[in-house]
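Chemist: Sharing a structure with you now.
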Amino acid sequence: MKPASPGASPSRLPDSDDPRTRLTGIGLICVAFVLFTLLDTTVKWLNHTVHPLEIAWARYAGQFVLSFLVLNPWSTPGFWRTRRLGLQITRSLLLVGTTLGNFFALQYLQLDQTMSITFSTPFLVALFAGPLLGEWIGVHRWLAIMVGFAGILIIVQPSTQGLHPAVLASLGGALCYAFYNISTRMLAATDSTATTMFYTSFVGTAVLTVPLPWFWSVPGEALVIGGLSLLGIFGGLGHLLVVMAHRRAPAAVLSPFLYTQMIWMMLSGWLIFHQTPDTPTLIGAGIVICSGLYLLWRERVRHATRSLEANLGE
């Protein structure tokens, strides 16, 4: 009997109710956020000399080349086969939207500002995880979401004259990233990590290659070439860890750990660009972080209650 290919058969998920499995997922996603900090720092530095679209293309093309060294028809036959092609393409396009929104915003905003706006992702995940994943939230978590969005408003400081386009781009990127996380969880039950990683890099590279001739410029400095080359490593490995993490823990559990990236973003902004967070950013980020931690605590309480009820019912 011919063995099933990695992309053709459903993936068996680890038991996400096992505390050790969840901790592994949390650890993986925390490392991913360190890599994403390195990615954003490199992008902001490159923005001074390279067009954002060219930077985004280099990020996906680099990831595609690296992925192909591991995922190819010879080493992993059938890795491109998916049971949910539409969702795979949609997920990949959501990540492209996240990338473009973030890369554009980094031209004008500090690292800590873009990261603070991205903090809205866990609230959006909790908001949409109910109808899409069946992970419904209660009254307490609804209140935490509203408080968290109040913190986001403090950060972006909307006025009667409207928001800066960079802020809107960052908010749009956060919305795309929330749905990206949810779709990652949905695909984890049907497609292998190899299949999902392939579509992420392939779709992103294909979409961004179309307009590239209108924005392409040949990088001249060795440091710029090196920075462009690193983007694929940081992005590809980071999103591989995201996929692996979502195979081990629910989206609502993993999302609050996005806040650990704020530490690395502030440190990187200070060391590389000599930038420090302003007062509204610090206040808003503090409110959002507290709200996110409350969401995490409520998830733990709910999980403990379900476990206790299951034990009493035996």
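Chemist: Would you kindly derive the ³J(HN,Hα) couplings of segment 32-38 from the backbone phi angles with the Karplus curve 6.51 cos²θ - 1.76 cosθ + 1.60 (θ = phi - 60°), listing them in order in whole Hz, with x for Gly and Pro?
Modeler: 4, 5, 5, 5, 5, 5, 4
Chemist: Let me ask another. With 10 angstrom as the radius, rank C176, C290 by how many other C-beta atoms surround their C-beta, starting from the fewest.
Modeler: C290, C176
Chemist: Just order 213-225, 60-72 by mean Cβ neighbour count inside 10 Å, highest at the front, would you?
Modeler: 60-72, 213-225
Chemist: Something else: Figure the gain on full extension for A206 and C30 (residue separation times 0.36 nm, minus the Cα-Cα span) and round it to one decimal in nm.
Modeler: Values: separation 176, 0.36 × 176 = 63.36 nm, distance 2.91 nm.
This chain segment gains 60.5 nm when fully extended.
Chemist: Same structure again: Which one, V125, V218, N102, projects farthest toward the positive side of the charge dipole computed for the chain from Cβ point charges (K/R +1, D/E -1)?
Modeler: The residue sitting farthest along the positive end of the dipole is V125.
Chemist: Hey, another quick one. Along segment 226-237, what does the Karplus equation 6.51 cos²θ - 1.76 cosθ + 1.60 (θ = phi - 60°) give for ³J(HN,Hα), rounded to whole Hz, x for Gly and Pro?
Modeler: Values, residue by residue: x, x, 4, 5, 6, 4, x, 5, 4, x, x, 5 Hz.
Chemist: If you don't mind, another one. First select every other residue whose beta carbon is under 15 angstrom from the beta carbon of D40; then total the charges, Lys and Arg +1, Asp and Glu -1. List each step's numbers first, then the result.
Modeler: Values: positive: K44, R59; negative: D112.
With Lys, Arg at +1 and Asp, Glu at -1, the net is +1.
Chemist: With +1 on the Cβ of every Lys and Arg and -1 on the Cβ of every Asp and Glu, and nothing else charged, how large is the dipole of the chain about its Cα centre, in debye rounded to the nearest 20?
Modeler: Details: 18 positive and 13 negative charges, 148 e Å.
Computed charge dipole of the chain: roughly 720 debye.
Chemist: List the residues whose amide H sits under 5 Å from the amide H of R81, counting only those 5 or more places along or on another chain, with H placed 1.01 Å from N in the peptide plane.
Modeler: For R81, whose amide H was placed from the backbone, the distant partners under 5 Å are G7.
Chemist: Can you give me the P(r) profile for the chain? Cα pairs, bins 10 angstrom wide beginning at 0, each as a whole percent.
Modeler: That works out to 6, 26, 34, 23, 9, 2, 0, in percent per bin.
Chemist: How far apart, in nm, are two points set 7 Å out from the Cα along the Cα-to-Cβ line at V70 and at D278?
Modeler: 4.1 nm
Chemist: Calculated from DSSP H runs of 4 or more alone, at -39500 (n - 2.57) each and per residue, what is the 222 nm mean residue ellipticity of the chain, nearest 500? Please report the intermediate quantities before stating the final value.
Modeler: On the way: 12 runs with 226 residues, N = 314.
When only DSSP H runs of four or more count, the value is -24500 deg cm²/dmol.
Chemist: Go through 274-280, 89-95, 126-132, 195-201 and give me the packing order, highest mean Cβ count within 10 Å leading.
Modeler: Highest-to-lowest ranking by the protection proxy: 195-201, 89-95, 126-132, 274-280.
Chemist: Taking 0.36 nm per residue of separation and subtracting the Cα-Cα distance, what length does fully extending L271 through N47 add?
Modeler: Using 0.36 nm per residue and subtracting the Cα-Cα distance, I get 78.9 nm.
Chemist: Counting only Cα atoms, I'd like the Rg/Rh figure for segment 159-210, Kirkwood definition for Rh. Can you show the working numbers first?
Modeler: On the way: Rg = 15.4 Å, Rh = 13.3 Å.
Computed over Cα atoms, the ratio is 1.16.
Chemist: Modelling each spin label as a point 7 Å along the Cα-to-Cβ direction, I'd like the W216/V139 distance in nm, to one decimal.
Modeler: My value for the distance between the label points is 6.0 nm.
The numbers here are math on the coordinates, done by the rules we state, and not lab data. For clarity, every value in this text was computed on a predicted model and none was experimentally measured. Because the Cβ atoms are built from the backbone with ideal geometry, glycine has one as well, and the counts that use them run over all protein chains shown.
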